[in-house]
Amino acid sequence: MKNSNDGFLKGRLRSLKFALKGLWLLLTTEDSIKAQFFIGLLAVIAGFYFELSATEWMIQLIVTALVLVAEASNTAVEKMADFVHPDYHKKIGFIKDIAAGAPAFAAIFAMIIATIIYLPKILELF
């Protein structure tokens with residue numbers, strides 16, 4: 001919540017505090033975020049093992065962030081929808097299904113990019 005007595009720097013620090021709280025809540029309460037974060041960690045380990053180039057690292061980190069942001073946004077939409085209308089409603093269900101499509105798109109493209117990056121490296125092992 002914005003406090004009119006906060007100066008610019010104090011306001012940014014308060015915002016950072018809320019953002020870090022949101023990250024903590026996502027990582028400690030949401031199974032989908034936990035799963036995607038774990039997959040991201042595996043990708044980082046694989047990146048070190050296969051000695052990714054700087055460009056490959058950047059692309060991998062961007063798509064990992066994209067998946068996590070999409071999951072977080074989906075979670076926010078679902079929580080808001082459940083708060084506004086706790087009982088099943090066809091329109092709320094439609095909204096939640098559309099929101100769930102965002103991380104699905106991100107994950108599909110992340111898998112395609114991972115295949116492009118890692119398949120040649122894996123094939124070199126054989």
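The values are calculated or read from the model by the stated rules, or taken from the named source; none is laboratory data. These figures come from a predicted structure and were not determined experimentally. In this analysis, Cβ positions are derived from the backbone assuming ideal geometry, glycine residues included, and neighbour counts consider all displayed protein chains. Surface areas here come from the heavy atoms of the whole protein model, side chains and all, with no ligands, DNA or RNA. Shrake-Rupley method; radii C 1.70, N 1.55, O 1.52, S 1.80 Å.
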Calculated from backbone phi, Karplus (6.51, -1.76, 1.60) coupling profile of region 116-126 in Hz, x at Gly/Pro | 4, 6, 8, 4, x, 5, 5, 5, 5, 5, 9
Considering lysine pairs in the chain that are 8 or more places apart or on different chains, how many have Cα atoms under 21 Å apart?
-> 13
Expressed as an acute angle from 0 to 90° and rounded to the nearest 10, what is the orientation of the C-alpha long axis of helix 54-84 relative to the principal long axis of the chain?
-> 30 degrees
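Based on the Cβ-Cβ distance from D31 to T115, what FRET efficiency comes out when R0 is 25 Å, to the nearest 0.05?
On the way: r = 25 Å, r/R0 = 1.00.
Given R0 = 25 Å and the Cβ-Cβ separation, E is 0.50.
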Simple spin-label estimate for R14/W57, 7 Å along Cα→Cβ, in nm, reads 3.8 nm
The chain, dipole about Cα centre (Lys/Arg Cβ +1, Asp/Glu Cβ -1), debye to the nearest 20 | 640 debye
Could you check how much of the accessible area of the chain is carbon and sulfur, as a whole percent, using a 1.4 Å probe?
-> 74 percent
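Show me 88-96, 72-80 ranked by packing, highest mean number of other Cβ atoms within 10 Å first.
Details: 88-96: 12.1, 72-80: 16.2.
In decreasing order of mean packing, 88-96, 72-80 become 72-80, 88-96.
In Å³ and rounded to a whole number, note down the convex hull volume per residue for the Cα atoms of the chain.
Hull volume over Cα atoms, normalised by residue count, gives 145 Å³.
Within region 1-50, report the chymotrypsin sites (Phe, Trp or Tyr not before Pro) that DSSP leaves as loop and that have at most 16 other Cβ atoms within 10 Å.
Details: sites: F8, F18, W24, F37, F38, F48, Y49, F50; in loops: F50.
Answer in residue order: F50.
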